[in-house]
Every structure is written in C-alpha cells, then in structure tokens.
1. Over what distance in Å are the Cα centres of the range 173-198 and the range 204-262 separated?
2. Compute the longest continuous run of the chain that contains no exposed trypsin sites (Lys or Arg not before Pro); treat a site as exposed when its DSSP state is not H, G, I, E or B and it has at most 10 other Cβ atoms within 10 Å.
3. If contacts are Cα pairs under 8 angstrom and at least 6 residues apart, what is the relative contact order of the range 195-325 in percent?
4. Send over the Kirkwood Rh of the chain, from the inverse of the averaged 1/r over different Cα pairs, rounded to one decimal Å.
5. To the nearest 20 Debye, how big is the dipole of the chain about its Cα centre, given +1 on the beta carbon of each Lys and Arg and -1 on that of each Asp and Glu?
6. Taking only C-alpha pairs under 8 Å that are 6+ residues apart, what is the relative contact order of the range 162-208 in percent?
7. Could you go through the range 146-152 in sequence order and give the Karplus-derived ³J(HN,Hα) for each residue, using 6.51 cos²θ - 1.76 cosθ + 1.60 with θ = phi - 60°, rounded to whole Hz, and x for Gly and Pro?
8. Using Cα-Cα distances under 8 Å and only pairs 6 or more residues apart, what relative contact order does the chain have, in percent?
Amino acid sequence: MSTVGNPGLQVHGNEAHLRQLPGSQEHWQDSVVLVWWDAANAVGGLHRIGHEPNVKGGGQVAQWTCIVSPQGIYKATRYQPLREADRLPDGFGGGDDGCRYQFRGGRHIWTIDTDEVSAVLGQTDFHDTIDCYPKKGSLADDFAPAHFDIPGAVAGTLKVKGREYQVNGLGVRDHGWGPRDWNSILSHRWVAGTIGADFGFIVVSFHSVDDVIASFGWISRAGKITFAKKVDILSYIEADAATNRGGHVHIELTDGEVIELECTPVAKGLASYHHGVCCMDVLCKFSYQGVEGFCDFESTSNIQHGKRRPGKFTNAVIEDGFHPA
C-alpha cells in the first residue's frame, strides 16, 4: 500500500480489528462503527458499539442501532452496563443480545436481532488498515488518538417487519480507541464515502473547546492513499440547528488535484444523543466522475455543551422505536 503526502504510515494487521487493552483514563473508550447503503434496495444503516470501561459506577456500553428501509426507520440508542459477555474474543457485544460486532474470516460482521429488524451484515475492506488521523493537538489527545476509517463492500441479509432483503451495498467502517471526551468538541463534521475500490474519501473538521479548528482528509484509489492539503466542508444545516441536509465537500490534494463532491440525503437524519452531544448522521449519495456512490454526512453542534436535549427536528429522528415511512 502506498501513500502520497504523508509517507511511511504503518499498515496494521488483524489486531487493529479487536478490542484493545483499556487505558486508565475515565473517558477511555473503544468503539466500532459501520455506516452503509444499498441503493438498489433503498436500505442502509448506522451501527455503533462503544465500550467505556472506566465510567464511575461501572463500565458502560453505548449502542446505536439504526436501520433505514422503505418500510420505515428503526432506531435504538442505548447506554447500558458493560457485561462480561460483551468482551468477545473476536469483537464487541452491544450491552444486550440485540447487537454485536465480530471480525471473522477477514470480514467485519454485524449481527442485529430485534423484534422489528434483524440482519447479518459484513464489510470487506477496499484497502489495508491504516490510521490516517493527525497525531498532535486536541483531536489526538482528547478524541481520536487511534482511529481507522476504511471504505468497503457490505453484503448480507436484512429483514424489516417481515420483508427480507439481500444486501449488496457500500459502506465505511470505523474503529477508534483511547481517551474520548465528548465535551472537548464544540462542533465537528465527518464525511466518509465511496463508490467502490476505485474511489473513497474521508474528510473531517473539528472545532475544539480550546478554540482550534482543524480540517484534514484523504482519498483512496485502488489501495493508494493521497492526503489533502486543504479540506472545506460546507454543511447545509436546517432551521433546527442540528439536522444537516447533506452538504458540499471541497478537497485539494497534495498532488494538486481538486475534487468537488455534492452530498444529497437519501433518508431522514439519525440523531444520537450521547454525553450531552447531539450527533447527526445523514445517509447521502454523491457522484464522482459519473459514478454514484454512498457517503455518511455526520455533524455535531455542541455550542450549548449539553444543556439541552433536542426533541424536535426538521427532518430527523431521535426517539427509539420504529418510525413508519
């Protein structure tokens, strides 16, 4: 695997897909994420499991389980005790028996089992496991000291309210561990997408409580990573000041190429309220060189530092349950 603009980064092995040895910090966490979309079936999802072993009073698990389908949206955002059964030798339990992540046979497998939805979904990565995040500043110290964002192909089975789907889509997975203080951010934008092995992108903007704004990103093409020298993320924010309507991404690469991407929602936003922060994920489509792909447009606005849990959105869901189409 080669990199342009930041040479010499380490390619990690399968150890980077498993749970890590916890540090001593109260805010230490170890989390896995999958965002995905199958355009042919108009189904997709957002899944996150975060183990927080050092929470006062006992370890906790953050579980976000969201499925988008023509029948409607299923959403569950849970924060519950970390069980011994969640410390899987090959992955992460979700705090209950309804959701788990495992790395098996070279694939990242998510199993969902609830009354409304069930699924077995696996991502096959498009390139090697490489951590492209900056390793200095408040982002590295307080939120993303070890972080992997990798695009891939997602396949499996999904059942929603009795209707079955054979999933064949695109996704981006995330694995990060270390201290994560959610109150260290005033706002952030994370846009991650792919059209396939020929093109994927990750761009991030991060506004920290020490009033530093950092923006960075990279693209992947057939296993080659090219870093950006400039990233500009324009988020289209609704009147509720939390929901985004997608946005525009401008990327200037270190080799001089300029890429413009317009991200258009394919579903309502998925709001996850965690540690006083409203995190909004909106599944979107975009086109690159005439080929349509999938991206997740994630945004937070934490300027009120968790003083209010939003309850009404222009075009998003925050409450748990099944929301009919």
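Read-outs: derived from the displayed coordinates by stated rules, not from any lab. Note that the coordinates shown come from a computational prediction; the quantities given were computed from them, not determined experimentally. Ideal geometry is used to build each Cβ from the backbone, glycine not excepted, and the neighbour counts take in all protein chains shown.
1. 12 Å
2. The reported range is 137-306.
3. 18 percent
4. Final number for the Kirkwood radius of the chain is 19.6 Å.
5. 380 debye
6. 35 percent
7. Result, rounded to whole Hz: 10, 7, 10, 10, 10, x, x.
8. The value is 16 percent.
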